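Undergrad: Dropping a structure here in structure tokens format, bear with me for questions.
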Amino acid sequence: MQSGATPGMSRRSLLTSAAVIAAVPLLDACGSPKEKASGTTGEGDLAKALPAYAASDLVKPDIPVVAGANGASTDPAFLAYPANPPKTVTGQVGKGGTYVTMTPLWGAIPPSSGNAYYDAVNKQLGATVKLQPADGNTYADLLPPLFAADKLPDWINIPTWTMTKLNFGEAVRTKLADLTPYLAGDKIKQYPNLAALSTNAWVAGVWNGKLYGLPIYSSNAVIAGMYYYRKDLFDKAGVSADVKSTADLEAIGKALTNANAGQWAFDDLFGNDAAYICQLFGFPATGYPWTTESGGKLQHRYETEGIVEALNWHAKMVKAGYLHPDAVANNSQNGKQRFWSGKVAVCADGTGAWNGDDAKSGSAAAPGYNRQAFKLFSAKGDKPTVQLGNGAGMYSFLNKKLNDGQIKELLAIANYLAAPYGSAEWLTVNFGTAGTHYTMTDGNPLLTEQGSKEIATTYQFLACPASASTVQSGAVQVTKDAAAWQADMVKYAVKPLFYGMNVSEPSQFSALGGPMNDMITDVKLGRKPISAWTDAVNSWRKQGGDDLRKFYDGIREKYGTGK
Amino acid sequence: MTLTRPAAVTRPATVARPEKQWRIRLRRDRSLLLMTLPAVALLAVFAYAPMFGLVTAFQSYDIYSGFWYSPFVGFDNFERLLTDSIFWHALSNTLVISAVQLVLYFPVPIALALVFNEVTNARIRSFVQSVVYLPHFFSWVLVVTVFQEMLGGAGALNTMLRRHGWATWDIMTNPDAFKYLVTAQAVWKEAGWGIIVFLAALAAIDQNLYEAAAADGAGRWRRLWHITLPGMRGVIMLMLVLRLGNALTVGFEQMLIQRQAVGRDASEVLDTFAYYYGVVNNNFSYGAAAGLFKGVLSLILVLAANKLAHAFGEDGLYRK
């Protein structure tokens, strides 16, 4: 009755095996796989691998950068594009080479042939950079077979969240080009736009003492996300958005839930693997799960009191009926639609959710739409903290098979793509050709119909300047609001243990997290009691959690904690 | 595929010179064998060639070492599998869902076929038939979405209940009812398609038998019991054998899509186990071991079901 693949194999494993089989003859080409590295980089080696920093002061931001705690700082914000954008790159960029690339894309994939935008950018680059965007949602599943088949393109974007699956310490050693000889120290100054990326952004591009990754959308204000609310709905109901604790949030849940009218106060407030709620209850986030107990012993986020409190509190909200039923079904796909249409008034989402395009979509669904974010708060009402993420969430890498000349050509191209906001190059890379792809409206570029069809985030995922808050779809106020929020947030930033160290864990620990994440979902939605969580933590310890702690104890002893 | 087949008679009792016999048969069946070639090629490329990947079940496979360099670990993966409580849970879930489907799903297409057979108006019959076929062509994503929109927490039914101040019915997020939910979805999606083979079996029944029985005074139920059902028995047995052989395959996408709504405990089946603990965790060897284990069990089930069919005097899948 069910469409079955071959007994014994799911369709996915079938495809994977087929790809793997195709790869077999090629695997002989790579180095001996016996010597496997699991480890990280010590401070001294890190300093040797990192490029020097040379700031660019090409365009003055309209809202200046604000420095926060622990190295955090806001992104520069611009309210209008300079009338006469200066050029940052002079002379020939590429040398006429042809390169295949791969980048993730969340959205419609633009036409690859006859795309005037690609042609225009490639003409400026003086090389043929072939863009092959792949579906961002399945990108993580696409990469392992690609590595196994040794079919990597010349230049590839790899998001940091896919790296644990790739056993990345091994990936950089066997498949990706070491950029240390080209970029370390002052060598980067041949590429001034790359040199303008902050030092912190390069840190997580270093693996086992060598620099491999070019940071994408780097920022010193990377956090998992925040709690958003619909200001228009709050105002209409006369509810204050001055939230200082989870008790305040609970009161909002009561005030804004009206299930009979199809309106609920909350969407899921937890996030996958506690990505968002960890900020409220002060336990570590997914990427850097370790903290220290009072005695100095390493403690995993699963073992903290904070996650227990978070689970209890969220289950209580579910039981009270404050969550939208689709959120209770853990359906996150339509989360944005629920927020736009006003079926929920509060949601947790990433920092990227707050922009002009969102305001456009929201206003289309509900006139008066106004997205705002609660100022940082903690569950108990004391001083909040927020865990700083890597200086970039994605890195791009060059193939190890490229020769010296090709690597230099691609770095020159990367330098062009990394031209800062406000430059002539930035306009070309992001908006194509004036008149064809965009027109200047109220001081900001606005895509034409052809522009919307042909332009997607593609080149930017290969190399790009540091993040800047810019005006999208003419929504100037959104840029101002988001910048003000960020300026408040950076005051509370903290760096987690092992920050930016790219620790390669031995592969036997990769399976530990899956069952725990399933359990979190069950308990946060009230499907299972909190005792099930404590049991799961105990078996997590036995099945490898304690060994993982020992492994990290060793790293701490040998390399420090990256702080 | 009628009641009896004189298989034993057509087969030569003793073969004097096997080699010559083989050639004669080859020449005689030449065109039939040619016709099977595309299917054989398809199986070879998409079913047999990937089976080489099963070697990973006995390795500690990693993507940088590949088949050639990954170390062999013998039956380690299987040992781990058999002591993994999550695996046993997935197996028991699979068997329970399979049993529920056998009882609640399997008879539905047969009953539907019998009903259709009674409809004499050709236009009504082809219209209703088209309507019940249609869901077969929907993807699982669509089917689950339709169920979600109708029966989900914010779906049509519950919105209506809420408006009237009545209690809501949370069938889509109830882990205990999940096995019935997936069976209901399977019935909605596939039962219409499933009747095709039974309708064919019905068409093959000699109409004279009905006339003769009617002339002897047999009513509708007696004809059903003594002519129609015995006439379908061979096909029903065949479908049952196939179903038992597939007992460990209860759907992959359907479980994957609804996993978040009911949790792992209710929705983990062998296929999703192999996916999550193999592919997602980058532990291909473990996933391959789980898959191979399932494949071997399925093979045993097919052989056993086939034997059972023979015991009932039916052909089943094949006869030696």
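Undergrad: Show that you can apply the helix-only estimate: for chain B, add -39,500 (n - 2.57) for every DSSP H stretch of four or more residues, divide by all residues, and state [θ] at 222 nm to the nearest 500.
TA: On the way: 18 runs with 207 residues, N = 320.
The per-residue figure over chain B is -20000 deg cm²/dmol.
Undergrad: Same structure, new question: Would you kindly calculate the translational diffusion coefficient of region A:404-563, applying Stokes-Einstein with the Kirkwood radius from alpha carbon pairs, for 37 °C and a viscosity of 0.692 mPa s, and quote it in µm² s⁻¹ without decimals?
TA: Calculated translational D: 156 µm²/s.
Undergrad: What per residue convex hull volume, in Å³, do the alpha-carbon atoms of region A:375-488 yield?
TA: Roughly 158 Å³ of hull volume per residue.
Undergrad: Further, regarding this structure: Residue separation times 0.36 nm, minus the C-alpha to C-alpha distance between B:Ala167 and B:Arg28: what's the value?
TA: 43.0 nm
Undergrad: Of the cross-linked pairs A:Lys87/A:Lys123; A:Lys87/A:Lys360; B:Lys179/B:Lys307, which ones have a Cα-Cα span greater than 27 Å in the structure shown?
TA: Correct reply: A:Lys87/A:Lys360; B:Lys179/B:Lys307.
Undergrad: Moving on. In whole Å, what are the extents of region B:245-320 along the principal axes defined by its C-alpha atoms, from largest to smallest?
TA: The Cα atoms of region B:245-320 stretch 46, 28, 16 Å along the principal axes, largest first.
Undergrad: Further question: Please compute the contact order of region A:249-395 in relative form: average sequence separation of alpha-carbon pairs under 8 Å and at least six residues apart, divided by the residue count, as a percent. Can you show the working numbers first?
TA: Details: 169 pairs, mean separation 41.9, N = 147.
Once divided by the residue count of region A:249-395, the mean separation gives 29 percent.
Undergrad: Need one value for A:321-329: mean number of C-beta atoms belonging to other chains within 10 Å of its residues' C-beta atoms. Intermediate results must be reported in sequence, preceding the final value.
TA: On the way: counts 1, 0, 1, 2, 12, 8, 2, 7, 11.
Counting Cβ atoms of other protein chains within 10 Å of each residue's Cβ and averaging gives 5.
Undergrad: Rg and Dmax of region B:181-320, Cα atoms, in Å?
TA: Rg, Dmax (Cα atoms, Å): 20.6, 69.
Undergrad: Given R₀ = 35 Å, FRET efficiency for A:Thr138-A:Val476 by Cβ-Cβ distance, to 0.05?
TA: So the FRET efficiency works out to roughly 0.45.
Undergrad: So what's the convex hull volume per residue for the Cα atoms of chain B, in Å³?
TA: Residue-normalised Cα hull volume stands at 217 Å³.
Undergrad: Roughly what % of Cα-Cα distances in region A:222-371 sit above 20 Å, to the whole percent?
TA: 50
Undergrad: About the Cα centre of the protein assembly as shown, how large is the charge dipole given +1 on each Lys and Arg Cβ and -1 on each Asp and Glu Cβ? Please answer in debye to the nearest 20.
TA: In debye, rounded to 20, the protein assembly as shown gives about 2040.
Undergrad: Shifting gears a bit: Which of the helices in chain A, when you take each full DSSP H run, stretch at least 18 Å along the axis at their Cα atoms and have an average Kyte-Doolittle score of 0.0 or higher?
TA: Both cut-offs are met by A:11-27, A:305-320, A:404-417.
Undergrad: Tell me, in nm to one decimal, what length is gained between A:Lys453 and A:Asp119 on full extension, where the rule is 0.36 nm per residue of separation less the Cα-Cα distance? Could the numbers behind the result be given before it?
TA: Numbers: separation 334, 0.36 × 334 = 120.24 nm, distance 1.43 nm.
Here the segment from A:Lys453 to A:Asp119 would lengthen by 118.8 nm.
Undergrad: Output the antiparallel fraction of DSSP beta bridges having both residues in chain A, as a percent to the nearest 5.
TA: Working: 28 of 44 bridges.
Expressed as a percentage, antiparallel bridges in chain A total about 65.
Undergrad: Looking at B:Asn281, B:Gly251, B:Leu238, which one has the Cα that reaches farthest to the positive end of the dipole of region B:237-320 (charges on Cβ: Lys, Arg +1; Asp, Glu -1)?
TA: B:Leu238
Undergrad: Rank B:Ala304, B:Ala204, B:Ala214 by mean-square fluctuation in a GNM of chain B with C-alpha springs under 10 angstrom and give only the top-ranked residue.
TA: Between B:Ala304, B:Ala204, B:Ala214, it is B:Ala214 that shows the largest mean-square fluctuation.
Undergrad: Which whole-number percent of Cα pairs in region A:182-297 have a distance greater than 17 Å?
TA: Cα-Cα pairs of region A:182-297 separated by over 17 Å account for 71 percent.
Undergrad: May I pose another question? Classify region B:74-146: rounded, prolate or oblate, from the alpha-carbon gyration tensor (a ≥ b ≥ c, eigenvalue square roots; a/c under 1.5 rounded; otherwise prolate if a/b is larger than b/c)?
TA: It is prolate, given that a/c is not under 1.5 and a/b is the larger ratio.
Undergrad: For each of A:Asp248, A:Asp235, count neighbouring Cβ atoms within 10 Å of the residue's Cβ, then give the residues from fewest to most.
TA: Working: A:Asp248 16, A:Asp235 13.
Result, fewest neighbours first: A:Asp235, A:Asp248.
Undergrad: Could you identify which residue out of B:Leu199, B:Leu157, B:Leu32 has the top mean-square fluctuation in a GNM of chain B using Cα springs shorter than 10 Å?
TA: Of B:Leu199, B:Leu157, B:Leu32, the Gaussian network model singles out B:Leu32 as fluctuating most.
Undergrad: Given all pairs of different Cα atoms, what value in angstroms does the Kirkwood hydrodynamic radius of region B:279-320 take?
TA: Radius from the Kirkwood sum: 12.1 Å.
Undergrad: A further question follows. What residue among A:Val471, B:Val96, A:Pro506 has its Cα farthest toward the positive end of the dipole of the protein assembly as shown, where the charges are +1 on Lys, Arg and -1 on Asp, Glu, each on the Cβ?
TA: After comparing all options, I get B:Val96.
Undergrad: Using just the C-alpha positions of region A:108-155 as equal point scatterers, what log10 of I(q)/I(0) does the Debye formula give at each q in 0.16, 0.31 1/Å?
TA: The computed values of log10 I(q)/I(0) come out as -0.60, -1.13.
Undergrad: Taking A:Lys95 as the anchor, which aspartates and glutamates have their alpha carbon closer than 15 Å to its alpha carbon, excluding any fewer than eight residues away along the same chain?
TA: By straight Cα distance, A:Lys95 reaches A:Asp404, A:Glu409.
Undergrad: OK, next. Per residue of B:61-74, count partner chain C-beta atoms within 10 Å of its C-beta, then hand back the mean as an integer.
TA: The mean count of partner-chain Cβ atoms within 10 Å per residue comes to 6.
Undergrad: Right, something else. Given the convex hull of the Cα atoms of region B:81-209, what is a quarter of its surface area in nm²? Please list the in-between numbers first.
TA: Values: hull surface 48.1 nm².
The orientation-averaged projected area of the Cα hull of region B:81-209 comes to 12.0 nm².
Undergrad: Please give me the summed charge of the neighbours of A:Ala77: other residues whose Cβ is under 15 Å from its Cβ, Lys and Arg +1, Asp and Glu -1. Could the numbers behind the result be given before it?
TA: Details: positive: A:Lys60, A:Lys480; negative: A:Asp62, A:Asp75, A:Asp481, A:Asp488.
Residues near A:Ala77 contribute -2 overall.
Undergrad: What's the tally of Lys pairs in region A:418-558 whose alpha-carbon atoms lie under 26 angstrom apart, where the two lysines are 8 or more places apart or on different chains? Kindly include the intermediate steps, with their values, before the conclusion.
TA: Values: A:Lys480/A:Lys491; A:Lys495/A:Lys550; A:Lys495/A:Lys558; A:Lys524/A:Lys542; A:Lys528/A:Lys542; A:Lys542/A:Lys550; A:Lys542/A:Lys558; A:Lys550/A:Lys558.
Value for region A:418-558: 8.
Undergrad: Hey, another quick one. Quick check on my link table: of A:Lys319/A:Lys380; A:Lys343/A:Lys383; A:Lys175/A:Lys408, which ones sit more than 28 Å apart, alpha carbon to alpha carbon? Kindly include the intermediate steps, with their values, before the conclusion.
TA: Values: A:Lys319/A:Lys380 21 Å; A:Lys343/A:Lys383 31 Å; A:Lys175/A:Lys408 18 Å.
Too far apart for the 28 Å limit: A:Lys343/A:Lys383.
Undergrad: Across peptide B:269-277, what mean number of C-beta atoms from other chains lies inside 10 Å of a residue's C-beta?
TA: Partner-chain Cβ atoms within 10 Å, mean over residues of B:269-277: 3.
Undergrad: While we're looking at this one, here's another question. Please identify, among B:Tyr61, B:Tyr180, B:Tyr69, the residue showing maximal mean-square fluctuation in a Gaussian network model of chain B using a 10 angstrom Cα cutoff.
TA: Among B:Tyr61, B:Tyr180, B:Tyr69, the largest mean-square fluctuation in the Gaussian network model of chain B belongs to B:Tyr69.
Undergrad: Relative to the present Cα-Cα distance, how much length would full extension add between A:Lys542 and A:Ala83 at 0.36 nm per residue of separation?
TA: 158.9 nm
Undergrad: Based on Cβ point charges of +1 for Lys and Arg and -1 for Asp and Glu, what charge dipole magnitude is obtained for region A:224-323 about its Cα centre, in debye rounded to the nearest 20?
TA: In debye, rounded to 20, region A:224-323 gives about 180.
Undergrad: Further, regarding this structure: Which loop-located chymotrypsin sites (Phe, Trp or Tyr not before Pro) does region A:60-159 contain, where loop means any DSSP state but H, G, I, E or B and the Cβ has at most 16 other Cβ atoms within 10 Å?
TA: Working: sites: A:Phe78, A:Tyr99, A:Trp106, A:Tyr117, A:Tyr118, A:Tyr139, A:Phe147, A:Trp155; in loops: A:Phe78, A:Trp106.
Here the sparse-neighbourhood loop sites are A:Trp106.
Undergrad: Separate question: Debye calculation, C-alpha points only, no solvent: report log10 I(q)/I(0) for region A:120-244 at q = 0.17, 0.18 Å⁻¹, in the same order as the q values.
TA: -1.05, -1.14
Undergrad: Checking understanding here: applying a Kyte-Doolittle mean of at least 0.0 and a length along the axis of at least 24 Å (C-alpha), which whole DSSP H helices in chain B pass?
TA: On the way: long enough: B:85-104 (28 Å, 1.45); B:178-203 (37 Å, 1.15); B:284-311 (40 Å, 1.26).
Sorted by number, the helices that extend far enough and score high enough are B:85-104, B:178-203, B:284-311.
Undergrad: Where does chain A land at 222 nm, in deg cm²/dmol rounded to the nearest 500, when only DSSP H runs of n ≥ 4 count, each adding -39500 (n - 2.57), divided by all residues?
TA: Helix-only estimate at 222 nm: -10500 deg cm²/dmol.
Undergrad: Using only the alpha carbon atoms of region B:17-110, find the Kirkwood hydrodynamic radius as the inverse mean reciprocal pair distance, in angstroms to one decimal.
TA: About 18.5 Å, per the Kirkwood formula over Cα pairs.
Undergrad: Using the Cα atoms of the protein assembly as shown, I'd like the radius of gyration and the largest Cα-Cα distance, Dmax, both in angstrom.
TA: Values for the protein assembly as shown (Cα only, Rg and Dmax): 31.3, 104 Å.
Undergrad: In region B:179-260, if every C-alpha pair distance is counted and binned at 10 Å from zero, what percent goes to each bin?
TA: 15, 34, 26, 16, 7, 2
Computed from the coordinates by the stated procedures, all read-outs in this text should not be read as laboratory data. Please read these numbers as outputs of a predicted model, since none were measured by experiment. Using ideal geometry, Cβ is built from the backbone for each residue, glycine included, and neighbour counts are taken over all protein chains shown.
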